[in-house]
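The values are calculated or read from the model by the stated rules, or taken from the named source; none is laboratory data. Just so we're clear, the structure is a prediction, and the values are computed from it rather than from any experiment. Ideal geometry is used to build each Cβ from the backbone, glycine not excepted, and the neighbour counts take in all protein chains shown.
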């Protein structure tokens, strides 16, 4: 199976399955000399882990990370960093009824067509459980980016099902189970999710993620553009069906006079480009929005076929998120951080000696 690695110079390769003994990753390319311990990684894993509220899957996983290599004396050595997260609460029996059938909306059918066999337990390799190692790896990237460039990556929920979430402030995000930047709307979101769970159905979500203080100049045109790599990474996240950079699809209705961000001595007038021009970071805030489809695992009976091509009805049992987007904020942050880390090293390798005298522009990061 190919396609398990994200990044070139900062490369993260994941391994494992949802119901195997463990999941994890190997992080190659982390520069040496950075202090690192499990305590630097665990907080983001705690944000992502299941069972944190009544609105998400009740699978109870501690998601305790173990550093197996690449760190000596509390510092990164420059060698591959192996991270391990043990699975402790598997219930494989919940999936016994789908061994011969295919759940609508899942990868069951396509995995079978590609490999000739599949692991039905929790989706196996296609499970969102495999996002935990990505979050762990990104904690390393986040720390390096913050130390060397002052970069901050943050995300929030913009919409749950039909309920849009007006932005109020970032301070509200960590205080609720929805990562909503609006504490006042949380009771409405809770009522919406409670009603949805009772019906046995599911819903999608829209999330926003952004990076502050990204220097100008990162990105490798033409085919390794910064925004292209961001979109590639985001589409690698389970259930993502849409990615927008900056104004995204709203740019269709904009005029050129409106969309093109004018430059003044005081900085850019707007940020419809999402911090990326021609595939290269502009020094503005990098902004991304993603659409996550409704959870495919629902209790309602759905039509399907078995491996012989005969019609059947599938009912999904087990513990599932009625909206997988509720735990996705730290994951989209992680994917953005890994892409930025990779491009930081790539820029340093080729253009680390480039220096341009540019007067300070308010709200814009300087060149790397």
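Yes/no matrix, rows are residues, columns are (1) at positive phi; (2) out of contact with any helix residue (DSSP H, G or I) (no Cβ under 6 Å at 6 or more places or on another chain); (3) at pLDDT below 90:
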residue: 260; (1), (2), (3): no, yes, no
residue: 275; (1), (2), (3): yes, yes, no
residue: 294; (1), (2), (3): no, yes, no
residue: 309; (1), (2), (3): yes, yes, no
residue: 316; (1), (2), (3): no, yes, yes
residue: 339; (1), (2), (3): no, no, no
residue: 344; (1), (2), (3): no, yes, no
residue: 357; (1), (2), (3): no, yes, yes
residue: 363; (1), (2), (3): yes, yes, yes
| query | If you go through the range 226-260 one residue at a time, how many are in a loop (DSSP other than H, G, I, E, B), surrounded by fewer than 19 Cβ atoms within 10 Å (Cβ to Cβ) and free of Cβ contacts under 8 Å to residues at least 60 places away in the same chain? | reply | 3
| task | Just one of (1) touching a residue at least 12 places away in the same chain (Cβ under 8 Å); (2) surrounded by fewer than 20 Cβ atoms within 10 Å (Cβ to Cβ); (3) not in a strand (DSSP E or B) trips up residue 117, so point out which. | result | (1)
| For residue 142, which of the numbered conditions (1) buried (at least 21 other Cβ atoms within 10 Å of the Cβ); (2) closer than 30 Å to residue 316 by Cα; (3) modelled with pLDDT of 95 or more; (4) touching a strand residue (DSSP E or B) at 6+ places or on another chain (Cβ under 9 Å) fails to hold? | (2)
| message | Any residue at all in the range 266-279 that's over 27 Å from residue 106 (Cα atoms) and assigned to a helix (DSSP H, G or I)? | response | no
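Condition check: out of contact with any strand residue (DSSP E or B) (no Cβ under 6 Å at 6 or more places or on another chain), in contact (Cβ under 8 Å) with a residue 24 or more places away in the chain and outside any helix (DSSP H, G or I). Does residue 202 satisfy that? Walk me through how you get there before you give the answer.
On the way: out of contact with any strand residue (DSSP E or B) (no Cβ under 6 Å at 6 or more places or on another chain): yes; in contact (Cβ under 8 Å) with a residue 24 or more places away in the chain: yes; outside any helix (DSSP H, G or I): yes.
So residue 202 passes the test.
Consider the range 1-18. How many of its residues are assigned to a loop (DSSP other than H, G, I, E, B) and surrounded by 21 or more Cβ atoms within 10 Å (Cβ to Cβ)?
Filtering the range 1-18 for residues assigned to a loop (DSSP other than H, G, I, E, B) gives 1-4, 7-10, 17-18.
Subsequent filtering for residues that are surrounded by 21 or more Cβ atoms within 10 Å (Cβ to Cβ) retains 7, 10, 18.
Qualifying residue count, the range 1-18: 3.
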| Among the numbered criteria (1) touching a helix residue (DSSP H, G or I) at 6+ places or on another chain (Cβ under 9 Å); (2) closer than 24 Å to residue 105 by Cα; (3) outside any loop (DSSP other than H, G, I, E, B), which single criterion is violated by residue 195? | (1)
| If residue 181 satisfies every condition in (1) over 29 Å from residue 23 (Cα atoms); (2) surrounded by fewer than 20 Cβ atoms within 10 Å (Cβ to Cβ) but one, which is the exception? | (2)
| Out of all the residues in the range 153-170, is one or more crowded, with 19+ Cβ neighbours inside 10 Å and in a helix (DSSP H, G or I)? | no
| query | Which ones in the range 171-194 are touching a strand residue (DSSP E or B) at 6+ places or on another chain (Cβ under 9 Å) and within 11 Å of residue 160 (Cβ to Cβ)? | reply | 178, 179, 180, 185, 188, 189, 192, 193
| request: State whether one or more residues within the range 68-83 are modelled with pLDDT under 90 and out of contact with any strand residue (DSSP E or B) (no Cβ under 7 Å at 6 or more places or on another chain). | output: no
